[in-house]
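The values are calculated or read from the model by the stated rules, or taken from the named source; none is laboratory data. For clarity, every value in this text was computed on a predicted model and none was experimentally measured. Cβ placement follows ideal geometry from the backbone for every residue including glycine, while neighbour counts extend to all protein chains displayed.
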Amino acid sequence: MILLVNIVLLIITGLCLGSFVNALVWRLRQKELVSEGKGDKKLVKQLSKANSRSMCPNCHHTLGVTDLIPVVSWLMLGGRCRYCSKPISWQYPLVELATAGLFVFSYIYWPILITGTGVVVFGLWLIVLTSLVALSVYDIKYMILPNSIIAFSLIVAVFMQVFWQASSVNVAHQALMIVIAALLGSGLFYAIFQLSGGNWIGGGDVKLAVLLGVLVADPAKMLLVIFLASLGGTLFAVPLLASGKSRKKLLIPFGPFLIFATYITVLFGTEIISWYQRTFLVV
Ligand SMILES: [Zn+2]
């Protein structure tokens, strides 16, 4: 049963976790810059303190409670920092709204009942989903999928599957399917990575595929993820290529396409595959 109160709670949680994603991406980037010898060491030292508060990415002024309300603060301040008046990227409210939207959509179309252990499964999914949003934002901005976020998500995804598959008739079979799905995706990407010398897909995509395989938990669904992501990537790239703007070197991160395809597959994969079988495989 879809409850309005749950939707409201999910919107609020999604907005707050979206805000967390923005802060996390920025902090991780500062750390990475320092490890590359380019960043601000003092700033990172300050950020690594347990009680460090959110700050303006430009003037580093600590933000007050009224600056931290998702979307609302951004709108109230006209998209500018209260302290230095520098414009704050529309990335901030957009990521917050997108996270809330993905949360609510997941709830409405969640493929299993959200009762009993199903509540745990759904809760763990929201954590993984937040990490997937962070990975997408990071990949779009910096063309990198941070290992730390992939590793964290993978651990949560494994726990999610433990609760999800616990009630299935043949647990060993399900576990095998998850392993095959993860190996299929990452194996295929590893081959493409090697063959293209890292030009078509990045090493991060190989690791990401392991996580996505665990999430979809089925080799057929993993193929669906790759198909949908390739389709999305192609549809996105064709207008860019046609415009001739980025003909020289068309660099599009593949991670966000894979992640969005996984999101669609987790929610609708079973239906899409059975529709495909009914339509094309009838003898
Ligand atoms: Zn500022």
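Quick notes on this structure:
- When 206, 238, 214, 225 are checked against the criterion of being in a helix (DSSP H, G or I) and surrounded by fewer than 13 Cβ atoms within 10 Å (Cβ to Cβ), 238 stands alone in meeting it.
- The single condition among (1) under 26 Å from residue 5 (Cα atoms); (2) of a type outside the set (Val, Ile, Thr); (3) touching a Phe, Trp or Tyr at 6+ places or on another chain (Cβ under 8 Å); (4) not assigned by TED's automatic domain parsing to the domain that holds residue 206 that residue 160 does not meet is (4).
- Inside the range 135-192, residues that are free of Cβ contacts under 8 Å to residues at least 12 places away in the same chain and either surrounded by 20 or more Cβ atoms within 10 Å (Cβ to Cβ) or not in a helix (DSSP H, G or I) (or both) make up a count of 3.
- From the options 145, 77, 63, residue that is among the aliphatic types (A, V, I, L, M), within 16 Å of the ligand (Cβ to nearest atom) and touching an Asp or Glu at 6+ places or on another chain (Cβ under 9 Å): 77
- Pairs where the first residue, in the range 268-279, is within 11 Å of residue 224 (Cβ to Cβ) and the second is at pLDDT 95 or above and of a type in the set (Phe, Trp, Tyr), C-beta under 9 Å, 6+ apart: 268/109
- Evaluation of residue 93 against (1) on the phi < 0 side of the Ramachandran plot; (2) touching a residue at least 40 places away in the same chain (Cβ under 8 Å) (one fails), failing number: (2)
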